[in-house]
Amino acid sequence: MKIALASDHAGFELKEAIKEFLKKHEIVDFGAFSEESMDYPDSGFAAAKAVADKTCDRGILICGTGLGMSIVANKVPGIRAALCHTVQYATLSRKHNNANVLVLAGRFIYKYLADDIIKAWLATGYDGGRHQNRIDKITEYERSLRC
Ligand code: RB5
């Protein structure tokens, strides 16, 4: 799987730590590239757009709380970004929401929990069925915004 990775300075340490876990996948790293302060929209929009335009299959975005990256990613049409603090959230975000971007809170999630969350998120399929009607409504809304 080709995965777009992005963080800000607050997510940098966790981003680097999960690379080892993700090494069987192809990673496209949109930064941050150090712990020097930077703005999460700069790396977050680039990674989310790469998922939306299908350059990458999925995205994993990390900032301090995960909130900024969630807001950024969900502004990009076609992105369904889910901030997950537990394995169960990760599983449900795939089954029910067909989430194509996983967001993690770098300042609140330790590496081994992040690995478990990512493992579950990558391995879980989308249930479809009744959930598809709901996702179709989101897609219709996105289409209605186009001029
Ligand atoms: C950076 O200090 C912090 O605000 C950022 O990583 C993120 O948590 C914002 O939502």
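Quick one: count up the residues across the range 60-91 that are outside any loop (DSSP other than H, G, I, E, B), of a type outside the set (Val, Ile, Thr) and away from the ligand (no atom under 16 Å from the Cβ). Show your work before the answer.
Residues of the range 60-91 that are outside any loop (DSSP other than H, G, I, E, B), as a first pass: 60-63, 67-73, 81-83, 87-91.
From what's left, of a type outside the set (Val, Ile, Thr): 61, 63, 67-70, 73, 81-83, 88-90.
Next, from what is left, pick out any that are away from the ligand (no atom under 16 Å from the Cβ): 88-90.
Here the count works out to 3.
Determine whether LYS54 is loosely packed, with under 14 Cβ neighbours inside 10 Å and over 20 Å from GLU20 (Cβ atoms).
Working: loosely packed, with under 14 Cβ neighbours inside 10 Å: yes; over 20 Å from GLU20 (Cβ atoms): yes.
So LYS54 passes the test.
Only residues in the range 4-19 that are away from the ligand (no atom under 12 Å from the Cβ) count as the first member; pair them with residues that are among the hydroxyl-bearing types (Ser, Thr, Tyr), Cβ under 8 angstrom, at least 6 apart or cross-chain, and list the lot.
ALA4/THR55
How many residues are among the hydroxyl-bearing types (Ser, Thr, Tyr) and within 18 Å of CYS56 (Cα to Cα) when one looks only at the range 2-41? Don't jump to the end; show me each part of the working.
Quick first cut of the range 2-41, residues among the hydroxyl-bearing types (Ser, Thr, Tyr) only: 7, 34, 37, 40.
Those still in the list that are within 18 Å of CYS56 (Cα to Cα) too: 7.
Adding up the residues that qualify gives 1.
Conditions first: (1) open to solvent by less than 70 Å² (accessible area, probe 1.4 Å); (2) out of contact with any strand residue (DSSP E or B) (no Cβ under 6 Å at 6 or more places or on another chain); (3) not β-branched (Val, Ile, Thr). GLY59 passes all but one, so which condition is the exception?
Only one criterion is unmet by GLY59, namely (2).
Can you confirm whether ALA32 is within 15 Å of the ligand (Cβ to nearest atom), open to solvent by less than 80 Å² (accessible area, probe 1.4 Å) and over 13 Å from the mean Cα position of the chain (by Cα)? Break it down into steps so the answer makes sense when it comes.
Values: within 15 Å of the ligand (Cβ to nearest atom): yes; open to solvent by less than 80 Å² (accessible area, probe 1.4 Å): yes; over 13 Å from the mean Cα position of the chain (by Cα): yes.
Against the criterion (within 15 Å of the ligand (Cβ to nearest atom), open to solvent by less than 80 Å² (accessible area, probe 1.4 Å) and over 13 Å from the mean Cα position of the chain (by Cα)), ALA32 qualifies.
From the residues in the range 92-115 that are among the hydrophobic types (A, V, I, L, M, F, W, C) and under 13 Å from the mean Cα position of the chain (by Cα), which one is nearest to the ligand (Cβ to nearest atom)? Explain how you work it out, then say what you get.
In the first step, residues of the range 92-115 are kept if they are among the hydrophobic types (A, V, I, L, M, F, W, C); the result is 92, 99, 101-105, 108-109, 113-114.
Still in the running and under 13 Å from the mean Cα position of the chain (by Cα): 99, 101-105, 114.
Numbers: ALA99: 18, VAL101: 15, LEU102: 16, VAL103: 10, LEU104: 11, ALA105: 7, ALA114: 15 Å.
Applying the filter and picking the extreme gives ALA105.
Look at GLY129 and say whether it is within 15 Å of the ligand (Cβ to nearest atom) and not acidic (Asp, Glu).
Here the answer is no, as GLY129 does not meet what is asked.
The values are calculated or read from the model by the stated rules, or taken from the named source; none is laboratory data. Not measured: the values here are computed from a predicted model. Neighbour counts run over all protein chains shown; Cβ positions are idealised from the backbone, glycine included. Surface accessibility is based on the protein's heavy atoms, side chains included, excluding ligands, DNA and RNA. Shrake-Rupley method; radii C 1.70, N 1.55, O 1.52, S 1.80 Å.
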